[in-house]
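**Q** Before I ask anything, here is the structure I am working with.
The values are calculated or read from the model by the stated rules, or taken from the named source; none is laboratory data. Small disclaimer: the values here were computed from a predicted structure and weren't measured. No Cβ is skipped: glycine too gets one built from the backbone with ideal geometry, and neighbour counts run over all protein chains shown. Note: accessible area is taken over every heavy atom of the protein model, side chains too, but ligands, DNA and RNA are not part of it. Shrake-Rupley method; radii C 1.70, N 1.55, O 1.52, S 1.80 Å.
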Amino acid sequence: ELQRGEDSPQRKLYENLQTAALRNTPYGRPIIGYADTIRAITAGDLRAYVDRWYQPDNMMLLVAGDIEPEAVLAHAQTLFGGLRNSSDLAVPRPLDLAAAPGGARVEVARGPWNKVYLGIAFPAPGLRDLRSVDLDVLCYLLGGDGTSALYRKYKYERRMVDSISVDNMSLARAGLLTITAQLDADKVETFWNEL
């Protein structure tokens, strides 16, 4: 999975944006980790992780389809009814985004791709902050689909990009607002200056 991510320009771009914009926070590390940390994980580490986090207070069971609700509930009770919490799980506090780095940072990652995958990211409020809802709406209006403002301007009118999107990812303790685009290398400078 780690190697597959290295082959995907969109995934690599997003990971780089997240780690750059949220460095100095727990979100400033790749979700999958690094090759050396993955190699160092032991069976005991995995058991300890499951014991700590896989508790009823931290679980949700979703069932969809043409089902008999009573039968599903009875089966779920058989499978999971004996589980008990081994400890209280603390509610994560929002992060102080002032600890996230300020100022601009530019990073170029080369790969075997015939397009440029460009992105910009900003720390944003987390899931429990009502401002994240405002950002969701703003992101959709700016770059949520083919009718959005940036998509119309840069793809259809100016013909600078193959695609562009604006997204707000609200994590439990912080968020990340991203603008990403796929375009030809000869259009990067003009596009970047206009954006």
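**Q** Taking a ≥ b ≥ c as the square roots of the eigenvalues of the Cα gyration tensor of the range 56-120, is the shape rounded (a/c under 1.5), prolate (a/b larger than b/c) or oblate?
**A** Details: a/c = 4.27, a/b = 1.85, b/c = 2.30.
Oblate.
**Q** Here is a further query. Find the accessible area per residue for the range 106-193; the probe is 1.4 Å, ligands and nucleic acids are left out, and the unit is Å². Could the numbers behind the result be given before it?
**A** Values: 5320 Å² over 88 residues.
With all protein chains present, the range 106-193 gives 60 Å² per residue.
**Q** Please work out whether the range 113-177 counts as rounded, prolate or oblate from its C-alpha gyration tensor, where a ≥ b ≥ c are the square roots of the eigenvalues and a/c under 1.5 means rounded, while otherwise a/b larger than b/c means prolate and anything else oblate?
**A** Numbers: a/c = 3.78, a/b = 1.78, b/c = 2.12.
In terms of gyration-tensor shape, oblate.
**Q** Which value in deg cm²/dmol, rounded to the nearest 500, describes the helix-derived mean residue ellipticity at 222 nm for the chain, given -39,500 (n - 2.57) per DSSP H run of n ≥ 4 and division by the residue count?
**A** Numbers: 7 runs with 68 residues, N = 195.
Calculated from helices alone, the mean residue ellipticity at 222 nm is -10000 deg cm²/dmol.
**Q** Using a simple spin-label model with points 7 Å from Cα along the Cα→Cβ vector, what separation in nm is obtained for F80 and R158?
**A** 4.8 nm
**Q** Still on this model: By average Cβ neighbour count within 10 Å, what is the ranking of 178-190, 24-36 from highest down? Spell out each step's value before the answer.
**A** Numbers: 178-190: 16.4, 24-36: 13.9.
Ranking, from highest mean packing down: 178-190, 24-36.
**Q** Just reorder E107, E70 by solvent-accessible area, largest first, 1.4 Å probe, all chains present. Before the final figure, lay out each step's value.
**A** Details: E107 95, E70 130 Å².
Output order, biggest surface exposure first: E70, E107.
**Q** Okay, moving on. Please report the carbon-and-sulfur percent of the accessible area for the chain; probe 1.4 Å, protein heavy atoms only, DNA, RNA and ligands left out.
**A** Numbers: 7540 of 13770 Å².
Carbon with sulfur: 55 percent of the solvent-accessible area.
**Q** Also: Using a 1.4 angstrom probe, figure out how much accessible area the range 1-95 has per residue, in square angstrom, rounded to the nearest whole.
**A** Values: 7590 Å² over 95 residues.
Each residue of the range 1-95 exposes 80 Å² on average to a 1.4 Å probe.
**Q** Ok, one more. What are the ³J(HN,Hα) values, in whole Hz, obtained from phi via the Karplus relation 6.51 cos²θ - 1.76 cosθ + 1.60 with θ = phi - 60°, for each residue of the range 111-123 in sequence order, with x given for Gly and Pro?
**A** x, x, 9, 9, 10, 9, 10, 10, x, 9, 9, 9, x
**Q** Given a cut-off of under 8 Å on Cα pairs at least six residues apart, what relative contact order in percent is computed for the range 1-91?
**A** Details: 32 pairs, mean separation 19.8, N = 91.
22 percent.
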